[in-house]
Amino acid sequence: MSTVGPRLLAFLARRVDPPADAADLLAEVLMTAWRRVADLPSDDDAAAAWLFGIARHTLANHRRGQTRRAALADRLRAHLATVIPACDALPEQAIETRAALAQLTEADQAVLTLACWDDLTADEIAEILRITPSAVRQRLRRARERLRQELAVSHPATDHVASSDVESTSST
């Protein structure tokens with residue numbers, strides 16, 4: 001019975017891409033076998049065949065899952081293509097704002113995008129970031145100021161951008 005493990009692994013590795021997934025599938029096979037240990041045949045050859053049957057079913061489940069994930073990814077890509085415009089289609093000001101936003105810290109980007117792009121309230125952002133709503137408002141005020149400064153440095157012609165301009169182009 002101890003020689004069936006490498007054989008099962010080889011069986012699975014020949015049938016999955018990438019072959020490294022075979023180790024995870026073998027773990028699933030063994031978990032299933034453990035749960036159904038009462039059904040394990042006493043004869044070694046029959047037990048090996050039983051394990052290969054479990055492996056075949058596990059592999060079929062894996063393939064169905066891959067098909068579902070691929071279909072979901074295709075639907076998501078199609079949806080995003082209609083919802084999120086390509087950078088070429090964005091107004092110049094939105095492109096500049098995104099470039100300036102990328103220069104900010106991750107914390108500044110998070111609070112700005114949650115507020116401006118995702119249209120969340122200070123209370124909602126506070127819950128996500130696990131800070132107080134007043135801390136969110138303070139961070140948001142400071143992050144907006146840093147974004148304005150970054151826009152002024154990287155694009156001197158936009159140093160007159162008002163707070164409402166930053167908020168509206170950030171949501172693009």
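Keeping the other protein chains in place, figure out the carbon and sulfur percent of the accessible area of segment 97-143, with a 1.4 Å probe.
So the carbon and sulfur contribution to the accessible surface is 48 percent.
Over segment 20-87, what percent of the accessible surface lies on carbon and sulfur atoms, probe 1.4 Å?
So the carbon and sulfur contribution to the accessible surface is 61 percent.
Starting from the Cα of Ala73, step 7 Å toward the Cβ, then list every residue of segment 3-26 with an amide N under 17 Å from that point.
16-22, by backbone N distance to the label point.
Over segment 1-96, give the accessible area per residue in Å² for a 1.4 Å probe, as an integer.
For segment 1-96, the per-residue accessible area is 69 Å².
The values are calculated or read from the model by the stated rules, or taken from the named source; none is laboratory data. Here the structure is a predicted model, which means the values were calculated and not measured. All Cβ positions, glycine included, derive from the backbone under ideal geometry; neighbour counts span all protein chains shown. With ligands, DNA and RNA removed, areas are computed over all heavy atoms of the protein, side chains included. Shrake-Rupley method; radii C 1.70, N 1.55, O 1.52, S 1.80 Å.
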